[in-house]
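Here's the structure we're looking at; comments come further down.
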Amino acid sequence: MSGLSALFALTTWQIAADGPLRGLDERAGRALVGHGPRWLTEFLADLGNMQVALPVLACAIGWSVRRGRRWAALGAALAMAAVPLLVVPLKDWIARPGPLTEATGYYPSGHAATAAVAYGASALLLSGRGRHPWMMPVTAVLLTAMTGIGLVLRGYHWPLDVLGSWFLCGLPLLLLYGVVSRSRRRSSSRTPSC
């Protein structure tokens, strides 16, 4: 957890203080904007929209409630509710212009944060099920990464806007991991062994 906090602090400091990483970030962002088919990069960026990511999380929460894992479901809902509480004040404070606009409020990326928490929390709630328990976490990482790629290639965000969001949202996801793990241990200890 301290590693994520340190990476987030370093990224935020570089963006806010106009440090050397910010210059490198903006050069990389300008070089990447417009690459890839527009329909595909737009689709990938849209994976971070609330209208796409929240229904995925809602299904995972519903499944967890139905399975009797109410604390894990509540933890996932709280992690998602924390996203705007964490991201919006930082956007206002940093006031970073976007790649294709002078408008401000681009660091950290709300879409990248939404994708990371919605897909990450869903994976935590659903992981360990079925014949391929690794499938949910891998899918969450791929969906989150594809969202970030789409956001950068479309010019909606600089690369560090996306990375900063991922570092920031790793913190509530790690807390949720602890809640989900405790919930699973409690439910397995109540299951009678044969």
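The values are calculated or read from the model by the stated rules, or taken from the named source; none is laboratory data. Here the structure is a predicted model, which means the values were calculated and not measured. Every residue, glycine among them, receives a Cβ derived from its backbone with ideal geometry; neighbour counts consider all protein chains shown. Areas reflect the complete protein model, heavy atoms only, side chains present, ligands, DNA and RNA absent. Shrake-Rupley method; radii C 1.70, N 1.55, O 1.52, S 1.80 Å.
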Which residues, counting only those in segment 116-149, are crowded, with 22+ Cβ neighbours inside 10 Å and closer than 18 Å to Thr41 by Cβ? Leu143, Thr144, Thr147, Gly148
Kindly evaluate Ser109 against the criterion of being buried (at least 19 other Cβ atoms within 10 Å of the Cβ), farther than 14 Å from Tyr177 by Cβ and out of contact with any strand residue (DSSP E or B) (no Cβ under 9 Å at 6 or more places or on another chain). yes
Any residue that is within 20 Å of Leu47 (Cα to Cα) and of a type in the set (Val, Ile, Thr) - is there at least one of those in segment 92-115? yes
Among the residues of segment 74-97, count how many are touching a residue at least 40 places away in the same chain (Cβ under 8 Å), touching a strand residue (DSSP E or B) at 6+ places or on another chain (Cβ under 9 Å) and buried (at least 18 other Cβ atoms within 10 Å of the Cβ). 1
Just one listed residue, out of Ala53, Ala73, Ala81, Ala58, is in contact with a helix residue (DSSP H, G or I) (Cβ under 6 Å, 6 or more places away or on another chain) and modelled with pLDDT of 95 or more, and it is Ala53
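For segment 60-73, what are the residues that are outside any loop (DSSP other than H, G, I, E, B) and touching a residue at least 12 places away in the same chain (Cβ under 8 Å)? Talk me through it step by step, then tell me what you get.
From segment 60-73, those outside any loop (DSSP other than H, G, I, E, B) are 60-66, 70-73; that's our starting set.
Passing the criteria: Ala60, Ile61, Trp63, Ser64, Trp71, Ala72, Ala73.
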So Pro133 fits all but one of (1) modelled with pLDDT of 95 or more; (2) touching a Ser or Thr at 6+ places or on another chain (Cβ under 9 Å); what number is the exception? (1)
Exception for Thr101 within (1) at pLDDT below 95; (2) open to solvent by less than 30 Å² (accessible area, probe 1.4 Å); (3) of a type in the set (S, T, N, Q) falls at (2)
Search result, residues across segment 29-45 that are surrounded by 14 or more Cβ atoms within 10 Å (Cβ to Cβ) and touching a helix residue (DSSP H, G or I) at 6+ places or on another chain (Cβ under 6 Å): Gly29, Leu32, Gly36, Thr41, Leu44, Ala45
